Amino acid sequence: MKQAIATDLCRVCNLKPETIQHITTACSVIAPKEYLNRHNDVAKIVHSHLCHKSHLIKEIPPYYKYNPSSVIENESTKIYWDTLIVTDKQILHNKPDILYINKTGKYAFVIDFAVPADSNIINAYTAKVTKYQDLLYELKRIYDLKKIEVCHRFSRKTTC
Ligand SMILES: [Zn+2]
(Lines give C-alpha, C1' and ligand atoms only; values in the text may rest on other atoms or scores of the structure.)
Protein backbone atom coordinates (compact mmCIF):
# COMPACT_ATOMS: atom_id res chain seq x y z
CA MET A 1 0.00 0.00 0.00
CA LYS A 2 3.15 2.12 -0.18
CA GLN A 3 2.78 3.22 3.42
CA ALA A 4 5.78 3.79 5.61
CA ILE A 5 6.16 0.97 8.13
CA ALA A 6 8.57 0.81 11.02
CA THR A 7 9.66 -2.72 10.27
CA ASP A 8 8.89 -5.59 7.90
CA LEU A 9 9.22 -8.13 10.70
CA CYS A 10 6.36 -10.53 11.41
CA ARG A 11 3.80 -8.85 13.66
CA VAL A 12 3.32 -12.10 15.56
CA CYS A 13 6.87 -13.32 16.32
CA ASN A 14 8.85 -10.19 15.50
CA LEU A 15 11.72 -12.40 14.36
CA LYS A 16 11.54 -12.84 10.58
CA PRO A 17 10.23 -10.75 7.69
CA GLU A 18 6.47 -11.05 7.36
CA THR A 19 6.27 -12.89 4.05
CA ILE A 20 3.42 -15.12 2.94
CA GLN A 21 5.74 -18.11 3.23
CA HIS A 22 6.64 -17.13 6.79
CA ILE A 23 3.05 -16.62 7.91
CA THR A 24 1.66 -19.77 6.30
CA THR A 25 4.44 -22.22 7.20
CA ALA A 26 7.32 -20.89 9.23
CA CYS A 27 6.28 -18.63 12.11
CA SER A 28 7.50 -20.14 15.38
CA VAL A 29 4.69 -18.53 17.39
CA ILE A 30 1.89 -19.68 15.09
CA ALA A 31 3.34 -23.18 14.61
CA PRO A 32 2.47 -24.94 17.88
CA LYS A 33 -1.27 -24.25 17.68
CA GLU A 34 -2.54 -22.90 14.40
CA TYR A 35 -0.48 -25.09 12.05
CA LEU A 36 -1.46 -28.15 14.04
CA ASN A 37 -5.13 -27.13 13.95
CA ARG A 38 -4.88 -26.64 10.19
CA HIS A 39 -3.25 -30.05 9.79
CA ASN A 40 -5.94 -31.72 11.90
CA ASP A 41 -8.77 -29.93 10.10
CA VAL A 42 -7.49 -31.17 6.73
CA ALA A 43 -7.18 -34.68 8.13
CA LYS A 44 -10.72 -34.56 9.57
CA ILE A 45 -12.17 -33.66 6.19
CA VAL A 46 -10.45 -36.60 4.51
CA HIS A 47 -11.35 -38.95 7.37
CA SER A 48 -15.04 -38.00 7.29
CA HIS A 49 -15.22 -38.49 3.52
CA LEU A 50 -13.49 -41.88 3.75
CA CYS A 51 -15.93 -42.95 6.47
CA HIS A 52 -18.90 -41.72 4.48
CA LYS A 53 -17.74 -43.43 1.31
CA SER A 54 -17.21 -46.64 3.29
CA HIS A 55 -20.73 -46.43 4.81
CA LEU A 56 -19.32 -45.98 8.29
CA ILE A 57 -21.15 -42.67 8.82
CA LYS A 58 -24.40 -41.57 7.23
CA GLU A 59 -23.64 -37.88 6.80
CA ILE A 60 -20.49 -35.80 6.53
CA PRO A 61 -20.49 -33.25 9.34
CA PRO A 62 -18.67 -29.91 9.09
CA TYR A 63 -14.98 -30.46 9.88
CA TYR A 64 -15.13 -28.12 12.87
CA LYS A 65 -17.80 -30.31 14.48
CA TYR A 66 -16.25 -33.63 13.47
CA ASN A 67 -14.58 -35.69 16.16
CA PRO A 68 -13.16 -38.85 14.53
CA SER A 69 -13.25 -42.16 16.37
CA SER A 70 -9.82 -43.67 16.94
CA VAL A 71 -11.05 -46.85 15.22
CA ILE A 72 -14.19 -47.26 13.15
CA GLU A 73 -15.04 -50.48 11.38
CA ASN A 74 -17.66 -52.42 9.49
CA GLU A 75 -17.55 -55.73 7.62
CA SER A 76 -15.57 -54.31 4.70
CA THR A 77 -13.53 -51.40 6.06
CA LYS A 78 -11.47 -50.44 9.08
CA ILE A 79 -10.18 -46.91 9.57
CA TYR A 80 -7.77 -45.81 12.29
CA TRP A 81 -7.43 -42.16 13.29
CA ASP A 82 -4.23 -40.96 14.94
CA THR A 83 -3.88 -44.28 16.69
CA LEU A 84 -0.86 -46.35 17.57
CA ILE A 85 -0.94 -49.37 15.28
CA VAL A 86 0.03 -52.54 17.09
CA THR A 87 2.42 -54.75 15.14
CA ASP A 88 4.37 -57.90 16.00
CA LYS A 89 7.67 -56.22 15.26
CA GLN A 90 8.41 -52.94 17.01
CA ILE A 91 8.01 -50.09 14.53
CA LEU A 92 9.37 -46.62 15.22
CA HIS A 93 6.72 -44.73 13.22
CA ASN A 94 3.47 -46.54 13.94
CA LYS A 95 0.95 -43.74 14.40
CA PRO A 96 -0.10 -42.29 11.05
CA ASP A 97 -2.89 -39.73 10.86
CA ILE A 98 -5.13 -42.25 9.10
CA LEU A 99 -4.81 -45.94 8.31
CA TYR A 100 -7.48 -47.09 5.86
CA ILE A 101 -7.88 -50.84 5.43
CA ASN A 102 -10.22 -52.29 2.83
CA LYS A 103 -10.74 -55.77 4.21
CA THR A 104 -12.65 -57.18 1.27
CA GLY A 105 -10.30 -55.76 -1.36
CA LYS A 106 -7.23 -56.60 0.74
CA TYR A 107 -5.55 -53.24 0.33
CA ALA A 108 -4.68 -50.36 2.59
CA PHE A 109 -3.47 -46.79 2.63
CA VAL A 110 -1.41 -45.00 5.20
CA ILE A 111 -2.44 -41.38 5.04
CA ASP A 112 -0.33 -38.78 6.77
CA PHE A 113 -0.82 -35.09 6.21
CA ALA A 114 1.55 -32.24 5.69
CA VAL A 115 0.73 -28.70 4.72
CA PRO A 116 4.14 -27.62 3.39
CA ALA A 117 5.22 -24.51 1.58
CA ASP A 118 5.38 -24.99 -2.20
CA SER A 119 9.15 -25.15 -2.05
CA ASN A 120 9.03 -27.99 0.46
CA ILE A 121 6.44 -30.30 -1.11
CA ILE A 122 8.90 -32.89 -2.43
CA ASN A 123 10.81 -33.02 0.86
CA ALA A 124 7.60 -33.40 2.83
CA TYR A 125 6.35 -36.16 0.53
CA THR A 126 9.64 -38.06 0.59
CA ALA A 127 9.82 -37.81 4.38
CA LYS A 128 6.31 -39.26 4.77
CA VAL A 129 6.90 -42.14 2.37
CA THR A 130 10.25 -43.00 3.95
CA LYS A 131 8.92 -42.71 7.48
CA TYR A 132 6.24 -45.37 7.05
CA GLN A 133 8.06 -48.06 5.03
CA ASP A 134 8.52 -50.39 8.02
CA LEU A 135 4.87 -49.97 8.99
CA LEU A 136 3.74 -50.75 5.44
CA TYR A 137 5.78 -53.93 5.41
CA GLU A 138 4.39 -55.11 8.76
CA LEU A 139 0.78 -54.26 7.90
CA LYS A 140 0.99 -56.04 4.56
CA ARG A 141 2.16 -59.18 6.33
CA ILE A 142 -0.27 -58.97 9.28
CA TYR A 143 -3.39 -58.30 7.19
CA ASP A 144 -2.25 -60.41 4.23
CA LEU A 145 -2.76 -57.41 1.93
CA LYS A 146 -2.34 -57.42 -1.82
CA LYS A 147 -1.36 -53.77 -1.80
CA ILE A 148 -0.50 -51.07 0.70
CA GLU A 149 0.99 -47.64 0.14
CA VAL A 150 1.40 -44.19 1.55
CA CYS A 151 -1.38 -42.21 -0.02
CA HIS A 152 -0.05 -39.00 -1.55
CA ARG A 153 -2.84 -37.84 -3.79
CA PHE A 154 -6.50 -38.41 -4.30
CA SER A 155 -7.38 -40.00 -7.54
CA ARG A 156 -10.71 -41.21 -8.82
CA LYS A 157 -9.07 -44.52 -9.61
CA THR A 158 -8.47 -45.33 -5.95
CA THR A 159 -10.75 -45.49 -2.98
CA CYS A 160 -8.87 -42.77 -1.19
ZN1 LIG B 1 6.36 -14.88 12.71
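The values are calculated or read from the model by the stated rules, or taken from the named source; none is laboratory data. Just so it is clear, the model here is predicted, and its values are computed rather than measured. Cβ sites come from the backbone with ideal geometry, for glycine too, and all protein chains shown count toward neighbours. What goes into the accessible areas is simple: the full protein's heavy atoms, side chains included, and nothing from ligands, DNA or RNA. Shrake-Rupley method; radii C 1.70, N 1.55, O 1.52, S 1.80 Å.
For the stretch 60-75, list residues with backbone N below 20 Å from a point placed 7 Å from the Cα of ILE45 toward its Cβ?
Within reach of a label on ILE45, which here means backbone N under 20 Å from a point 7 Å along Cα→Cβ, the stretch 60-75 contributes 60-69.
Karplus couplings for the stretch 65-76 from phi (6.51 cos²θ - 1.76 cosθ + 1.60, θ = phi - 60°), rounded to Hz, Gly and Pro as x?
10, 7, 10, x, 6, 5, 9, 9, 8, 9, 5, 10
Probe radius 1.4 Å, ligands and nucleic acids ignored: give me the carbon and sulfur share of the accessible area of the chain as a rounded percent.
On the chain, the fraction of accessible area on carbon and sulfur atoms equals 54 percent.
Skip the ligands, DNA and RNA, and give the accessible area per residue of the chain with a 1.4 Å probe, whole Å².
It amounts to 67 Å² per residue over the chain.
Under the rule of -39500 (n - 2.57) per DSSP H run of 4 or more residues, summed and divided by the residues of the chain, what mean residue ellipticity at 222 nm is obtained, to the nearest 500 deg cm²/dmol?
The helix-only estimate for the chain comes to -7500 deg cm²/dmol at 222 nm.
Which lysines does LYS89 reach when only Cα atoms under 30 Å apart count, and residues fewer than 8 places away in its own chain are ignored?
LYS44, LYS78, LYS103, LYS106, LYS128, LYS131, LYS140, LYS146, LYS147
How many angstrom lie between the Cα centre of the stretch 17-72 and the Cα centre of the stretch 76-117?
Value for the Cα centre distance between the two parts: 16 Å.
Taking θ as phi - 60°, what are the ³J(HN,Hα) couplings along the stretch 10-18 by the Karplus curve (6.51, -1.76, 1.60), each to the nearest whole Hz, with x for Gly and Pro?
With the stated coefficients, the stretch 10-18 comes to 3, 6, 8, 9, 6, 10, 10, x, 7 Hz.
As I understand it, the dipole of the stretch 20-150 uses +1 on the Cβ of Lys and Arg and -1 on the Cβ of Asp and Glu, about the Cα centre. Which of THR104, TYR80, TYR35 lies farthest toward its positive end?
Going by the Cα projections, it comes out as THR104.
Through the Karplus equation 6.51 cos²θ - 1.76 cosθ + 1.60, θ set to phi - 60°, convert the phi angles of the stretch 31-41 into ³J(HN,Hα) values in whole Hz; use x for Gly and Pro.
Residue by residue, the stretch 31-41 yields 3, x, 10, 5, 5, 5, 4, 4, 4, 5, 5 Hz.
Can you pull the percent of Cα pairs in the chain with separation above 21 Å?
When every Cα pair of the chain is considered, 54 percent fall beyond 21 Å.
If you stretched the chain out fully between ASN14 and VAL129, how much longer would it get, using 0.36 nm times the residue separation minus the C-alpha to C-alpha distance?
Roughly 37.9 nm would be gained on extension.
In what order, largest first, do SER76, SER28, SER119 sit by accessible area if the probe radius is 1.4 Å?
These residues rank, largest area first, as SER119, SER28, SER76.
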